[in-house]
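Colleague: The structure is given below, and queries will be raised subsequently.
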Amino acid sequence: MFKQGEGLYDMCLLGNDKVSEEGFMENLTTRFNTRNIYTYIGEQVVSVNPFCYLDMYSEATMDEYIGRAMYEVSPHIYALADDTYRELMSSKENQCVLITGESGAGKTEASKIFMQYIAYISSSSSMAGDIKDKLLKSNPILEAFGNATTLRNNNSSRFGKYMEIQFDYGGAPVGGRISQYLLEKSRVVTRGEGERSFHVFYQLLSQTGRLAALSLDADPSAYNYLACSGLYSVPGIRDAADFKEMENAMRVLGWAKADLDNCMRILAAILHLGNLDFEPDARASADLNTDCVAVSNPQLLAIVADLLQVDYGALESALKSRSISSGASARQSHIMVPLDLDQAYFTRDALCKGLYAALFEWVVDRINLNIQASASNASEVVIGVLDIYGFEIMELNSFEQFCINYCNEKLQQLFINKVLKSEQAEYAAEGIAWTEIDYFDNEPIISMIEGKGRAQPGIIPLLDEACLVGRNTPVTVVEKFAGSLSASAHFDATVGEPEEFVIDHYAGAVMYNTGSFLFKNKDTFFDDLVMALMTSANSMVVEMFTPKASAGGGGGRGRGGPSSSAGGSRFGSGRGRQGAGGGKTRPKTAGYKFKTSVCELIEKLDACTPHYIRCIKSNDEKRANYLDAERVRHQIVYLNLVETVRVRRAGFCNRQPYERFLWRYKMISPQTWPVWRGSPRDGVVAILDHIGVDRSEYELGRTKLFIKDAPTFMLVEQRRIEEMPKVAVMIQKVWRGYSVRKNFVQHQMAFKIQDLWRRYRSKRYFRAVAEVFAGVESDPNWGRYIQWPRAETTFIASGVANLKKVHLNWWAYNMVTSLTEAQQGVMRQKVEAHTLLSGRKPWNCNAPFKGDYLDDPATNPGFAKYKHAIVTLFQAGGDSMIRFAANVEKVNPKGKPQLRTFVVTDENMYKYDPKKFVVKKEAIPLAEVTKVSVSPQGDGLVVIHMKKPIRDVVLNAAAPGAPNLLPELVSAISSQYLNLTGRRLECAVNDRIEFNNSVVADPNNPTVTKAPGTAAVVSFVKSGAVPGSVWKKGKGVHIVEWA
């Protein structure tokens, strides 16, 4: 992990002489210049924003960090995320990640990287995968509606976000919840030069297909609310692509198309309202004797009313006047007060800010509704991720900067209490030797802002009082502050303009301008505007402005649960709501509500085990790979990073109560496993002694064990990991033995019952078989067509299959033995024909195989001559049996068919003249046959191939007017060939048959040929018009046609 020239990966490894601002800065600069933006301070991660993409966030990189201790791998947010998840699983306690740093330091990106890793390594069931996908998809939506481009950051979060990822005890995410804090809604109507409004406005205008329906123009400069800062596009911000990503995220979260359409209608209405103008109304002013206004472009107001689906008259009236209540209960009356020009524009802007704030809260609530854990998957533990605006110092610092910096003071105080103060306090309480380390404690700044009752008022209570009492101005507000806080070393009202004051924050001095403190703290949103919006026919608009059921005067939607919005009502304070007794309750100001929500957040974070990502902004110009030394040094100082290193180096990496350590690690030592009888402290020492941990590596406190270095702690963990399989095996062995013993008798009984049942079923079945086959010996077909009983079970079916084979063999035996010897011979010959031709050439198995078709005077006119010729043949010696005899067509060498009597004996084949029954030429020995060839068609052609030079015999066994005797002829030749040679004769089946057409010169010497001859070929052509087979000759090719 340590590489020469890349600096130290952990600031705690700095030498004693390097633990200073200079040493810290030098190491951080070295790592940054070698593209190492992450560095450890113990278990904390320091992240320096490089303002460019680095290839270090792939799944392959994530795999390198799974299950690895932080000191084992290179610094990365993945390492901290893995450590957080493992601690969640091992301790079953809530965890939180605090991502701190000023605006532009990369906090939002760090939170997304952390979330991606948690989603990657946590349980991957189908439900968990759906939840993880929804949690990740919430980011594009929240960034679109809550982020904007500022001078310091192109994608600055203009709201605070605390996301809780809820897990079950198995480590699977089951839901989530988002809390949002102090949306900078004033950005909707105004902002600094060179900045942008919220991203979603520019994303909407990039969608040309949507604009006509919303009466919008694609040019952002056409809208006053966007044109006021003069910046419309930003390098690296892809508005059109980001809109599509947001749209896809909404679909993943289950939003209907109407939800997106309604959001876009409200955004379009805000843009149009920004172009709404007013002018003095002379007639109304004269009638009422006061300044009155009229809408200069009513057609634009009509578009707004149509987009919001509200009553035009109610909306116009709310923008031009406001009602004031007088009296109480039944005596209460309402007076309409016209607004002057400035008040009308102020009301218009208040409406737009309120609309956007309500829309943003609706979006957050809708996301929470989609990602919340179901009733059947209640959350057990959570990981909270805090991504909140960083410390801000602007050219003009207003109420928003005051609230943001106050929140950062609270977070810094939490860090001090958790990491610096509490750690040293714990060492003292446990009796551990410790040298106190000085650090900057910002408690006095927090007290100055919040106050401590009437005796010590703070800025927020004083501001609330100024909003409620008398006619205060920005100047009198500063005077009020100065009168109560002049003794504080962190407050100064003697510099700058009369309406300005300075707070010396932990991050540096900031001058605030109170010009808009009063009306921003009042957060005015008149009831008339609410009533106008409640006339909407759009249920979403009405829902956005329906007061919540909870008390406290906040407004909002009633979803049956607490609001996800922290830091202020959507409506603002208004003029105060009626109490239960008809009187007015004191309005809750924006500052008061924000302080309350921040304190609740700190209380929630304080109940979790914290993990820190300390983000540093490398430069103010957003230049890639450039580090401004002075800017970075300033952040190192106010983030107390050097002090953190000192505390971490002097402290202990792990501390656990004796009881918990003994319970977790007692299996390591034979002395403590399985039962330890002594005190927990002695048991801990026995475990550490057993694995050889030196006494200098740990300290024993009053109630806890303190381990100094991470390698020592990991050694203990590793030994536990090594022992756990043994423990698991022992548990498995005991359980399996118990389980087997417990179930043995039950299993044996089950086996016996199964065996008896199978026997019973088998006997019942075979009795049924015996019944249906009773008397089968007298059946002429020996049970061939009897229907077998149905086998009801698999084990019977397997036995029945074998039984059917036995029956089939028995049936075949009876069939064969019932035949005469002659019939058996015919059957054997048909079996041979089946073997040679079945599936290869069509043939009729039912055709009679007579063998000798000429041994019948009724059908053979030359019967006497035939018998004489056969007797003469047998007397000559050698032949003793006729296997086949019939009249067929023989094809001569010239291709001419001639009728011949073809006789197959037990030794030879003969061709006779069918009239005189004289042998034509010589005998053809069966042993000299090499193979026979037939076609796959329905013809009777057979070629009997002979050993060369003997000419092949070409016959048509389907002579005109005679049955096709080819199967019988081929089977007779094949069977006798097998008897003579002991070999099976090859039967080839082809559409084209090539044969030897040579002619023998001397019949007594067949080895001498008259001419070598050429190979002849037979082709087959089917012709339905031709009755029977017809031979043709052409160009050396014999053609056979058949019907």
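The values are calculated or read from the model by the stated rules, or taken from the named source; none is laboratory data. Model, not experiment: these values are computed from the prediction. All Cβ positions, even for glycine, are placed from backbone atoms using ideal geometry, and neighbour counts span all protein chains on display.
Colleague: In region 106-152, which residue that is in a loop (DSSP other than H, G, I, E, B) and over 25 Å from T190 (Cβ atoms) is modelled with the lowest pLDDT? Steps first, answer last, please.
Modeller: Within region 106-152, the subset in a loop (DSSP other than H, G, I, E, B) is 106, 122-125, 149-152.
Narrowing further to those that are over 25 Å from T190 (Cβ atoms): 106, 122-125.
On the way: G106: 90, S122: 85, S123: 67, S124: 65, S125: 60.
Across region 106-152, the extreme among qualifying residues is S125.
Colleague: May I ask you to verify whether G877 is surrounded by 13 or more Cβ atoms within 10 Å (Cβ to Cβ) and assigned to a loop (DSSP other than H, G, I, E, B)?
Modeller: no
Colleague: Same structure, new question: Would you point out the residue of region 39-80, among those that are of a type in the set (A, V, I, L, M), over 28 Å from E621 (Cβ atoms) and at pLDDT 90 or above, that is surrounded by the most Cβ atoms within 10 Å (Cβ to Cβ)? Please lay out each step first, then the result.
Modeller: Just the residues of region 39-80 that are of a type in the set (A, V, I, L, M), to begin with: 41, 45-46, 48, 54, 56, 60, 62, 66, 69-70, 73, 77, 79-80.
This time we only want the ones that are over 28 Å from E621 (Cβ atoms), so: 60, 62, 66, 69-70, 73, 79-80.
Right, trim to at pLDDT 90 or above and you get 60, 62, 66, 79-80.
On the way: A60: 6, M62: 18, I66: 14, A79: 23, L80: 26.
My answer is L80.
Colleague: Additional query: Only one of (1) in a helix (DSSP H, G or I); (2) in contact (Cβ under 8 Å) with a residue 12 or more places away in the chain fails for K763. Which number is that?
Modeller: Result: K763 passes all but (2).
Colleague: OK, next. Scan region 207-221 residue by residue and report those that are assigned to a loop (DSSP other than H, G, I, E, B) and free of Cβ contacts under 8 Å to residues at least 60 places away in the same chain. Reasoning before the result, please.
Modeller: Taking region 207-221 as the starting set, the residues that turn out to be assigned to a loop (DSSP other than H, G, I, E, B) are 207, 215-219.
Those that are assigned to a loop (DSSP other than H, G, I, E, B) and free of Cβ contacts under 8 Å to residues at least 60 places away in the same chain: Q207, L216, D217, A218, D219.
Colleague: Please go through region 37-70 and give me each residue that is within 19 Å of R614 (Cα to Cα) and among the charged types (D, E, K, R), ordered by number.
Modeller: Hit for region 37-70 is E43, nothing else.
Colleague: Within region 164-189, track down each residue that is out of contact with any helix residue (DSSP H, G or I) (no Cβ under 7 Å at 6 or more places or on another chain) and free of Cβ contacts under 8 Å to residues at least 60 places away in the same chain.
Modeller: G170, R187
Colleague: Among R631, R655, R623, R614, which is over 26 Å from Y698 (Cβ atoms) and in a strand (DSSP E or B)?
Modeller: Values: R631 fails: in a strand (DSSP E or B); R655 fails: over 26 Å from Y698 (Cβ atoms); R623 fails: in a strand (DSSP E or B).
Result: R614 is the single residue among R631, R655, R623, R614 that is over 26 Å from Y698 (Cβ atoms) and in a strand (DSSP E or B).
Colleague: Do you know which residues across region 167-190 are assigned to a loop (DSSP other than H, G, I, E, B) and among the aromatic types (F, W, Y)?
Modeller: Within region 167-190, just Y169 meets the criteria.
Colleague: Got a sec? Which helices (runs of 4 or more DSSP H) wholly within region 347-450 have at least 1 residues that are among the polar types (S, T, N, Q), buried (at least 21 other Cβ atoms within 10 Å of the Cβ) and touching a strand residue (DSSP E or B) at 6+ places or on another chain (Cβ under 7 Å)?
Modeller: Per the criteria, 399-415.
Colleague: May I pose another question? Residue check, Y78 against (1) closer than 30 Å to E603 by Cα; (2) in contact with a Pro (Cβ under 8 Å, 6 or more places away or on another chain), all met but one. Which one?
Modeller: In the conditions (1) closer than 30 Å to E603 by Cα; (2) in contact with a Pro (Cβ under 8 Å, 6 or more places away or on another chain), Y78 misses (2) alone.
Colleague: To continue, here is another question. From E164, E193, which residue is among the acidic types (D, E), part of a loop (DSSP other than H, G, I, E, B) and in contact with a Cys (Cβ under 9 Å, 6 or more places away or on another chain)?
Modeller: Just one listed residue meets the conditions, E193.
Colleague: With the condition kept exactly as written, say whether any residue in region 673-693 is among the basic types (K, R), in contact with a Phe, Trp or Tyr (Cβ under 9 Å, 6 or more places away or on another chain), farther than 30 Å from T100 by Cα and in a helix (DSSP H, G or I).
Modeller: The first filter runs over region 673-693 and keeps only residues among the basic types (K, R), leaving 677, 681.
Adding the requirement that they be in contact with a Phe, Trp or Tyr (Cβ under 9 Å, 6 or more places away or on another chain) leaves 681.
Pick out the ones that are also farther than 30 Å from T100 by Cα and you get 681.
Right, trim to in a helix (DSSP H, G or I) and you get 681.
Yes: region 673-693 contains one or more residues that are among the basic types (K, R), in contact with a Phe, Trp or Tyr (Cβ under 9 Å, 6 or more places away or on another chain), farther than 30 Å from T100 by Cα and in a helix (DSSP H, G or I).
Colleague: Restricting to region 222-238, and then to whatever is of a type in the set (A, V, I, L, M) and part of a helix (DSSP H, G or I), can you tell me which residue is farthest from C52 (Cα to Cα)? Give the derivation first.
Modeller: Step one: filter region 222-238 for residues of a type in the set (A, V, I, L, M), giving 222, 226-227, 231, 234, 237.
This time we only want the ones that are part of a helix (DSSP H, G or I), so: 222, 226-227.
Details: A222: 33, L226: 27, A227: 29 Å.
Only one residue fits best here, namely A222.
Colleague: Moving on to the next point. Does A797 satisfy the condition of being outside the structural domain of Y698 (by TED's automatic domain parsing) and of a type in the set (G, A, S)?
Modeller: yes
Colleague: Given the options P848, P842, name the one that is outside any helix (DSSP H, G or I) and within 22 Å of R984 (Cα to Cα).
Modeller: The match here is P842.
Colleague: A further question follows. E771 - would you say it is charged (D, E, K, R), more than 27 Å from K931 (Cβ to Cβ), modelled with pLDDT under 90 and not in a loop (DSSP other than H, G, I, E, B)?
Modeller: yes
Colleague: Go through the residues of region 23-41 one by one and say whether even a single one is assigned to a helix (DSSP H, G or I), of a type in the set (D, E, K, R) and closer than 28 Å to P711 by Cβ.
Modeller: So the first thing to find is which residues in region 23-41 are assigned to a helix (DSSP H, G or I), and the list is 23-33.
Narrowing further to those that are of a type in the set (D, E, K, R): 26, 31.
Right, trim to closer than 28 Å to P711 by Cβ and you get 26, 31.
Yes, because at least one residue in region 23-41 is assigned to a helix (DSSP H, G or I), of a type in the set (D, E, K, R) and closer than 28 Å to P711 by Cβ.
Colleague: Quick check: anything in region 707-727 modelled with pLDDT under 85, of a type outside the set (S, T, N, Q), assigned to a strand (DSSP E or B) and surrounded by 15 or more Cβ atoms within 10 Å (Cβ to Cβ)?
Modeller: yes
Colleague: While we're on this one: List pairs: first residue in region 226-254 and surrounded by 16 or more Cβ atoms within 10 Å (Cβ to Cβ), second residue among the β-branched types (V, I, T) and in a helix (DSSP H, G or I) anywhere in the structure, Cβ distance under 7 angstrom, at least six positions apart or on different chains.
Modeller: Final answer for the pair search is M246/I141; A249/I141; M250/I141; L253/I367.
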